[in-house]
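The values are calculated or read from the model by the stated rules, or taken from the named source; none is laboratory data. All figures in this text were calculated on a predicted structure; none of them were measured in a lab. For neighbour counting, all protein chains shown are included, and Cβ atoms are generated from backbone atoms with ideal geometry for every residue, glycine included. The protein model used for the area step is the full one, side chains on, heavy atoms only, and it has no ligands, DNA or RNA in it. Shrake-Rupley method; radii C 1.70, N 1.55, O 1.52, S 1.80 Å.
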Amino acid sequence: MPPKLVALVEDEVDILELLEAHLHQALFRTSKYEDGTSFLASISKEVPDLVILDLMLPDIDGLEICKILKKETKWANIPILMLTARSTETDKVVGLEVGADDYVTKPFSPVEVVARVKALLRRVLPRMSGKVIRIGNIVIDPSQHQVVVQGKRVNLTRSEFHILHLLASHPGRVFTRQQILDVLWGQEKAVIDRTVDVHMMNLRHKLGPAGKRLSSVHGVGYKMEEV
Ligand code: CA
């Protein structure tokens, strides 16, 4: 398998070079961009396997870039790791809402960034059956990574898709936040509980009225209501 390509979008050159060195050491290929425009121009030529995206860029906001990628079917599945200098809960939550898969707050350890890159890329290979699941008017097709509600396609992020697929594969069964995180991340990463809540909130919103089937079980976790 050829080395995976990680696109680095960051206007601070020393951070770019630090990350590049560590990623090369871990046998990744990298491409570097100091602004959003040059990055967006590049992805029509070669689609990266993952993007490390700075939140504050001189031209386009990292959140805007996230939205642009998630709107395009051919780019929507690229995992995005967001770099942020802001550490408030709100900023992290906003990043996840616009489709980032994970975030790291500056200053960060490059070793940790590489570990998260590997975890995100591992997640690309879903451990799921290819069987189409129908729950009420929700149709989930794992082979296409596609969700259709009442005949209309719903664009979900990778994380949202995995959570929905997990819950819908076992209707009625309650999953704790930790169990959901384990499916998303394996055992290797401690993610704050709130991450699951944000993904659930987005999922419900995107599924519209069908989202009511996803119910929270107070103090425990979440489940998909049986039909
Ligand atoms: Ca910056």
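Filter the stretch 148-173 for residues that are over 21 Å from L120 (Cα atoms) and of a type outside the set (D, E, K, R) and give the result. Those that are over 21 Å from L120 (Cα atoms) and of a type outside the set (D, E, K, R): V148, V149, Q150, G151, V154, A168, S169, H170, P171, G172. Of the residues in the stretch 66-85, at least one is more than 20 Å from A119 (Cα to Cα), out of contact with any Leu (no Cβ under 6 Å at 6 or more places or on another chain), open to solvent by 10 Å² or more (accessible area, probe 1.4 Å) and within 16 Å of the ligand (Cβ to nearest atom). Please go through the stretch 15-38 and give me each residue that is within 13 Å of the ligand (Cβ to nearest atom) and assigned to a helix (DSSP H, G or I), ordered by number. I15, L16, L19, G36, listed by residue number. D11 falls short on exactly one of the conditions (1) within 16 Å of the ligand (Cβ to nearest atom); (2) outside any loop (DSSP other than H, G, I, E, B), and that condition is (2). When N202 is tested against the conditions (1) open to solvent by 30 Å² or more (accessible area, probe 1.4 Å); (2) modelled with pLDDT of 85 or more, the lone failure is (1). Taking residues in the stretch 206-220 that are modelled with pLDDT of 90 or more, and partners anywhere that are open to solvent by 30 Å² or more (accessible area, probe 1.4 Å) and small (G, A, S), the pairs with Cβ atoms closer than 9 Å and at least 6 places apart or on different chains are A210/G136; R213/G136. Selection within the stretch 50-64: residues that are open to solvent by less than 40 Å² (accessible area, probe 1.4 Å) and within 11 Å of T84 (Cβ to Cβ). The member of this set that is farthest from the ligand (Cβ to nearest atom) is L63.
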